[in-house]
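No value in this document is a laboratory result; all are computed from the given coordinates. Note that the structure is predicted; figures quoted are calculated from it, not measured. For neighbour counting, all protein chains shown are included, and Cβ atoms are generated from backbone atoms with ideal geometry for every residue, glycine included.
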4 protein chains.
Amino acid sequence: MKALVYRGPGKKVLENHAMPQLEAPDDAIVRITRTTICGTDLHILKGDVPTCTPGRILGHEGVGVVEQVGAAVSAFRPGEHVLISCISACGKCDYCRQGMYSHCTTGGWILGNTIDGTQAEYVRIAHADTSLYRIPAGADEEALVMLSDILPTGFECGVLNGRIEPGDTVAIVGAGPVGLASLLTAQFYSPAQIISIDLNANRLEVAKRFGATSTINGAQGAVVEQVKALTGGRGVDCAVEAVGVPASFVLCQDIIAPGGTIANIGVHGVKVDLHLERLWSQNITITTRLVDTVTTPMLLKTVQSGRIEPTKLITHRFKLDHILDAYDTFARAAETHALKVIIET
Amino acid sequence: MKALVYRGPGKKVLENHAMPQLEAPDDAIVRITRTTICGTDLHILKGDVPTCTPGRILGHEGVGVVEQVGAAVSAFRPGEHVLISCISACGKCDYCRQGMYSHCTTGGWILGNTIDGTQAEYVRIAHADTSLYRIPAGADEEALVMLSDILPTGFECGVLNGRIEPGDTVAIVGAGPVGLASLLTAQFYSPAQIISIDLNANRLEVAKRFGATSTINGAQGAVVEQVKALTGGRGVDCAVEAVGVPASFVLCQDIIAPGGTIANIGVHGVKVDLHLERLWSQNITITTRLVDTVTTPMLLKTVQSGRIEPTKLITHRFKLDHILDAYDTFARAAETHALKVIIET
Amino acid sequence: MKALVYRGPGKKVLENHAMPQLEAPDDAIVRITRTTICGTDLHILKGDVPTCTPGRILGHEGVGVVEQVGAAVSAFRPGEHVLISCISACGKCDYCRQGMYSHCTTGGWILGNTIDGTQAEYVRIAHADTSLYRIPAGADEEALVMLSDILPTGFECGVLNGRIEPGDTVAIVGAGPVGLASLLTAQFYSPAQIISIDLNANRLEVAKRFGATSTINGAQGAVVEQVKALTGGRGVDCAVEAVGVPASFVLCQDIIAPGGTIANIGVHGVKVDLHLERLWSQNITITTRLVDTVTTPMLLKTVQSGRIEPTKLITHRFKLDHILDAYDTFARAAETHALKVIIET
Amino acid sequence: MKALVYRGPGKKVLENHAMPQLEAPDDAIVRITRTTICGTDLHILKGDVPTCTPGRILGHEGVGVVEQVGAAVSAFRPGEHVLISCISACGKCDYCRQGMYSHCTTGGWILGNTIDGTQAEYVRIAHADTSLYRIPAGADEEALVMLSDILPTGFECGVLNGRIEPGDTVAIVGAGPVGLASLLTAQFYSPAQIISIDLNANRLEVAKRFGATSTINGAQGAVVEQVKALTGGRGVDCAVEAVGVPASFVLCQDIIAPGGTIANIGVHGVKVDLHLERLWSQNITITTRLVDTVTTPMLLKTVQSGRIEPTKLITHRFKLDHILDAYDTFARAAETHALKVIIET
């Protein structure tokens, strides 16, 4: 089968690869119909993710059709149309029972990381019963690719952790795909204001179209002052960090109101300054989270009921044969205005 | 009247001072019967609290008898026995209505800071109806002095913010008065393990007597390893920071389990490192809080019902005439083994 | 001044009445600009509310301008534009501190019940600082009349108590004004389905316009079967009872899914059957609540931000001189299609 | 093997029975070392549980040793010492993922009901990975038998659903085994008062020993008056119904304070009156729940740490050969003072 294989920092090839096989009784083999590329895949290609070693098929998002199931799989049968979660969960360990699938002792984020991933014609899914989701008849496949990772990430790590409530004032720092996923799903809770902050004018325009009530271009400076001006001097109830660099995390500290919550989504590579000399008395909460995908069933319902349109996030489409072009387009997002790119197999 | 007055960094005098007067219709004048000294008073004396200017009567804790009330005070009458909260709350502003009395727009921590305090024979209490609490007949006055500040601080900032649950594993970093207040009130929720960590052997012995299931002397190193050994390698569900220096906050980051909560109580003077490069994916929560004293009525009930014995925290007693000795004893806690000292007027 | 006075069961007169006077230091006198009529006013007129005695000026909703304030009022000054809450709250008693203003020991629902109300040119408001809300410049006065009672009632008793979450399936039994207020505010939380159930075809059409995803006319029978058909046989996550008769409360029990919540808003006159022989094992929650109006500040923000349009609820407008016509129109809602009627003074 | 078999209303026999066999890949066979009898077993014998048909081996509680596991069982191996949960949970269905194991679509309460149970030498456990719990080395087996059903039932349905908090006033109506389990586990949250109410003087004495701060013998009348006297006229914050008859549920309604919670545990056979004509405005919550046993891991930790001593509930011990005597002793609890009886195999 065709597969996109990581060959070490800076190197990826589309090549013929052996078909995946069932390895455990709770495995399933899924034929991929659509997948996509995540910012994390770019991180791997930079060599930033040491757990992912050369030879690995990349990709942790996608939809497809069940091809084969192990003896212990009871919830799915060959031929069923499924959504693949970026997080594999055994459903049995202490973490899974607490709904913290991200820390499953035999799962978590393994797809396209420590086991072969979805940027291929077929993929093996571990713990299939609790890592796949049945796709309702008539559902839009492309929309559901957004439910593998980006929407639950924006929702769980940003919106739920940020405890966004009706009437709240929210700032989302970063208007890349994950920041936009937070922006879309924050609206489930009807905040009064959503301020989108980024350095890129195009992304801020997209944010505006997606429901931001204000946008601030950080490239022009005075971000804190603008946020304060928009919030009667008080700051925001919730600041979502969707970038992953020290400056944006410090910005969140500068704009958070007393009693507010900073919900970190960003993947950070270095430590950050926490200004406890100022914040110790401000009754704030800071949260971190690797997506658990526990809200996938809830998100499926909101997509089915039309409360959210995830296809808004899709800007480009490619065939698997042209996945290298897809990577190129996605990597040059500033120029190409790419958000999410769909790969059809 | 006699009063302990701050005269600038390093200087305090016990002197005759004019009696306080009603200034607003919701004020009350309270005759102090017992007060105490807080670590914060020592901070002021070091010059670390710029809002507290020379000439200020210190002290924000105490019990007493209502002497006089303003026209708008409806809940209290002269002669009533009352507990003074360290936080003055108007009960009307947005923050007060959210239960965040610490940020009351015309109150908060003002006593012994921006208005004259309780280390005197009389004190003026602003917003008396919502800043005083009636003392039940037969209650132990000394026990209730602990409810002005230290018990709600340990409970709200450490235990409630730390979301301690039955069966949890808890570490409390710092076994000074406020850490011990957390230790006592953590037991309201029946955690399975409470690990007390300090550099002082005497304080750790006290912690053991107060209910710590294990103690670790940080002076002997290898604290992280010992915590890991006590928790099956997993770390703690809740780490309470009750010191206020970068090293202890970093320790909390080193011992927190995935999904855990770091509840900061410490008053920090400088920024700290937050290791997001490691914690971004650990689903942790960090909280800060200036005590709101919203749990004072709940704490009064637990004291009345004997579920907690706050007098355990009291090590020394002095007359107001000897308050300078009391300060000396309290400041040299390492030698004197002082926790809380009672000042009788 | 002109005032609508209750003269015993079945009798109301628009008459000249003495002006209200300040009676306590925390009172305010408000000149009413707009008020409305509530279903509860009709209950009083039927003689169903024994606490309301003849001679009482009716009405507990309205907006106006502060005319005079007592010595203890600090948050409002004469000339300020204010929203009157149907619930008076002292902000000091145990219930108020827990956010349960409805049970304020010296307040609660007293306006137009045990003290004179708002269907008059002027009204005295007790505990003014915590019972009035400042109206932002430029706000739509008519919209805000809906925030005195009906919107917080629908929201707090139906939506918050019903713990409605994104993706949920909700049934609202009763499409009168309060059921419609629940319908509008339920959408703050983006449920997947909102099923409106009533006996009146016109009200169901309104419900559809207001955002119901399905409507069921109970007059045509088979309600339970229809709800089951709409929910894959499972029943609803949340059933809001907005009628107040045994049959509608029993219907809620028949359509609730395991794990669901029945949120009662209806004012019941007789006991109801609770089918514990069936429900004891169904993990359900039943809630009751007299509105606390603690969410008024939050609702003000959602109105200001355009997340909700309360004026949708207004069907008729009258001058105070014609308030008897307004009552007539409101009482004959089935014919007149009245929801909320605005009375201008 | 020996097994206690239900032979229709009023009939049970201890007989030789075929050994259980693995039927599904996620089954395990467990050799029972200790089991017990539940009030529900008596209900079955009265013919009150139609899902349990003649020929069924009774019993849904116990500890033992894993004998054999199916191919899909990954968490347990033969020879491991395990606690059997009364609830079987697949861990995969919608209900299980929400932590509502009691409604597992292929599990729930099936043991000793729709499949053969634990009052035998061996038992087949369905969904073994998520229905068994590893027993820590050195744990007291008898204590852990109490974790199969009675402690999680008292804790989840009574204490957690009752939202008991430090300082609360709690009434537990019924001092049978399950009411006493609530009484023991309520103390995890340090309520100020726990009032135990029963008709049996011996059980009330036990309740007192187990930590009730007051007891009321309902046989002597005036229960409501006594509760009001103990609570300053206010009623209780939480009323736990642990009987299952209309009178005790109505009593809960009579003693609940505004804002309080009635947590039903009792298995009811007939409908009850709900006095909404009085309670609609009292801001109360009523909950029902079939135990989910989601707190079993938490309870194991509290037992291991000595925060609770479940063996207090054990009054008698029998060999499996004498299980008919055990039933007799348990059924005549009023005379024998039996609470829980241990059956050793």
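Among D:Leu274, D:Leu180, D:Leu204, which one shows the highest mean-square fluctuation when chain D is modelled as a Gaussian network with alpha-carbon springs under 10 Å?
D:Leu274
Which whole-number percent gives the relative contact order of the range B:42-183, counting Cα pairs below 8 Å spaced six or more residues apart?
24 percent.
Measure out, as a whole number of angstrom, how far apart the alpha-carbon centroids of the range C:258-277 and the range D:267-345 sit.
Value for the Cα centre distance between the two parts: 26 Å.
What's the average, rounded to a whole number, of partner chain beta-carbon atoms within 10 Å of each residue's beta-carbon in D:85-95?
Taking the mean over all residues of the peptide, I get 3.
If you build the convex hull over the alpha carbons only and average its shadow over all orientations, what do you get for chain B? Give it in nm² to one decimal.
Averaging across all directions leaves 16.7 nm² for the Cα convex hull.
Where nothing but the Cβ of Lys and Arg (+1) and of Asp and Glu (-1) is charged, how large is the charge dipole of chain B around its Cα centre, in debye to the nearest 20?
Taking the Cα centre of chain B as origin, the dipole is about 160 debye.
Quote the charge dipole size of the range D:153-287 about the Cα centre in Debye, to the nearest 20; the model charges only the Cβ of Lys and Arg (+1) and of Asp and Glu (-1).
In debye, rounded to 20, the range D:153-287 gives about 140.
Relative contact order for the range D:11-103 using alpha-carbon pairs under 8 Å, separation at least 6, rounded to a whole percent?
Worked out over the range D:11-103, it gives 27 percent.
Say a site is exposed when it is one of the trypsin sites (Lys or Arg not before Pro), sits in a DSSP loop, and has at most 14 other Cβ atoms within 10 Å; what is then the longest site-free stretch of chain C?
Segment C:12-331 is the longest.
How large is the direction-averaged shadow of the alpha-carbon convex hull of the range A:18-63, in nm²?
On the way: hull surface 16.5 nm².
Averaged projected hull area, Cα only: 4.1 nm².
What angle, in degrees between 0 and 90 and rounded to the nearest 10, separates the Cα long axis of helix A:246-255 from the longest principal axis of the Cα atoms of chain A?
So the inclination is approximately 50 degrees.
Compute the separation of the alpha-carbon centres of the range B:24-46 and the range C:13-55 and state it in Å as a whole number.
45 Å
Please give the charge dipole size of the protein assembly as shown, origin at the Cα centre, charges +1 on K and R Cβ atoms and -1 on D and E Cβ atoms. Round to the nearest 20 debye. Don't skip to the answer; put the middle values down first.
Numbers: 116 positive and 140 negative charges, 0 e Å.
It works out to roughly 0 debye.
So, R0 is 30 Å and r is the distance between the beta-carbons of B:Asn217 and D:Arg209; what FRET efficiency does that work out to, to 0.05?
E(calc), rounded to 0.05, equals 0.15.
Given Cα pairs under 8 Å that are at least 6 residues apart, what percent is the relative contact order of chain A?
Relative contact order, chain A: 17 percent.
Any chance you could list the semi-axes, whole Å, largest first, of the equivalent ellipsoid that the Cα gyration tensor gives for the protein assembly as shown, using √(5λ)?
Equivalent ellipsoid of the protein assembly as shown: 47, 39, 39 Å, largest first.
Run the simple label-point estimate for B:Lys319 and D:Arg77 please: 7 Å along Cα→C-beta, distance reported in nm.
Those two pseudo-labels are separated by 7.4 nm.
Using only alpha carbons, build the gyration tensor for the range D:153-287 and give me the equivalent ellipsoid semi-axes, biggest first, whole Å.
They are 19, 16, 15 Å, listed from largest to smallest.
Just to confirm my numbers, what's the Cα centroid distance between the range A:187-239 and the range B:132-163 in Å?
After rounding, the separation between the Cα centres reads 41 Å.
Pairs on different chains or at least eight residues apart, Cα atoms closer than 12 Å: how many lysine pairs in chain C fit?
Count of close lysine pairs: 4.
Name the nearest-to-axis residue of chain C, judged by Cβ distance to the rotation axis taking chain C onto chain A, and quote that distance in whole Å.
Residue and rounded Å distance to the axis: C:Tyr189, 3.
Can you tell me how the range B:218-263 classifies by the Cα gyration tensor, rounded, prolate or oblate, using a/c under 1.5 as the rounded cut?
Note, shape of the range B:218-263 comes out oblate.
Using a Gaussian network model on chain D with a 10 Å cutoff between Cα atoms, which of D:Ser74, D:Ser190, D:Ser148 fluctuates the most?
Of the options given, D:Ser74 has the highest mean-square fluctuation.
Using a 7 Å offset from the Cα along the Cα-to-Cβ direction at both B:Ala201 and D:Thr311, what is the distance between the two label points in nm, to one decimal?
3.6 nm
Answer with one residue from B:Thr288, B:Thr185, B:Leu230: the one whose Cα lies farthest towards the positive end of the charge dipole of chain B, charges on Cβ with Lys, Arg +1 and Asp, Glu -1.
B:Leu230
At D:Thr105, label 7 Å along Cα→Cβ: distances to the other copies, nm, ascending?
Nearest to farthest, the other copies are at 2.8, 5.3, 5.3 nm.
Mind checking which of B:Ala263, B:Ala175, B:Ala72 has the largest fluctuation in a GNM of chain B, springs on alpha carbons under 10 Å?
So, out of B:Ala263, B:Ala175, B:Ala72, the one fluctuating most is B:Ala72.
Could you bin all the Cα-Cα distances of the range B:99-181 into 10 Å bins starting at 0 and give me the percent of pairs in each, rounded to whole numbers?
13, 38, 35, 12, 1
At R0 = 35 Å, how high is the FRET efficiency between D:Glu225 and C:Asp94 if r is their beta carbon distance? Nearest 0.05 is fine. All intermediate terms of the calculation are to be shown ahead of the outcome.
Details: r = 22 Å, r/R0 = 0.64.
Efficiency, rounded to the nearest 0.05: 0.95.
If each label sits 7 angstrom from Cα along the C-beta direction, how far apart, in nm, is C:Glu80 from its counterparts in the other copies?
2.6, 6.0, 6.4
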